[in-house]
Amino acid sequence: MFRIINFIWNYQQAVPEKKEELLAAGLSSEAADGIIKITEEAEAKGARMGPPKNGFDFLGRLGTLLTDLDTFIKTKSKQDQEAYKKVMEKKKAEWEAAAKK
């Protein structure tokens, strides 16, 4: 568990951080900008709070980030929602692979 926590502690590894990656996946520019903004805000908040105290703290922070992203993407088009889903499925596979190392 701690391997995966170390792998995705940096919020920008938890979600796609590059606009090009999001656009290539089929997201609109507006949706990509929103995802990046939410991720950057979470990263800044995490920096102010310091490292997580334990795994539960980390999971709480990550859960909040993912909830914020899900809430945001639900306000976007069906196409954006489908593209976001595919991007996050890819990220999930990356996390699972990292956890097995």
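Values in this text are rule-based calculations from the coordinates and carry no lab data. Values in this document were obtained by computation on a predicted structure and should not be read as measured data. When we count neighbours, we look across all protein chains shown, and the Cβ atoms used for this are built from the backbone with ideal geometry, even at glycine.
Other residues within the sphere of radius under 12 Å centred on the Cβ of A24, judged by their own Cβ, net out at +2 (K and R +1, D and E -1). The simple spin-label model puts a point 7 Å past each Cα toward its Cβ; for M49 and E89 those points are separated by 3.0 nm. Our note on the geometry: Cα centres of segment 19-43 and segment 44-101, 13 Å apart. The protection proxy used here, the mean number of other Cβ atoms lying within 10 Å of each residue, ranks peptides 48-57, 78-87, 31-40 as follows, highest first: 31-40, 78-87, 48-57.
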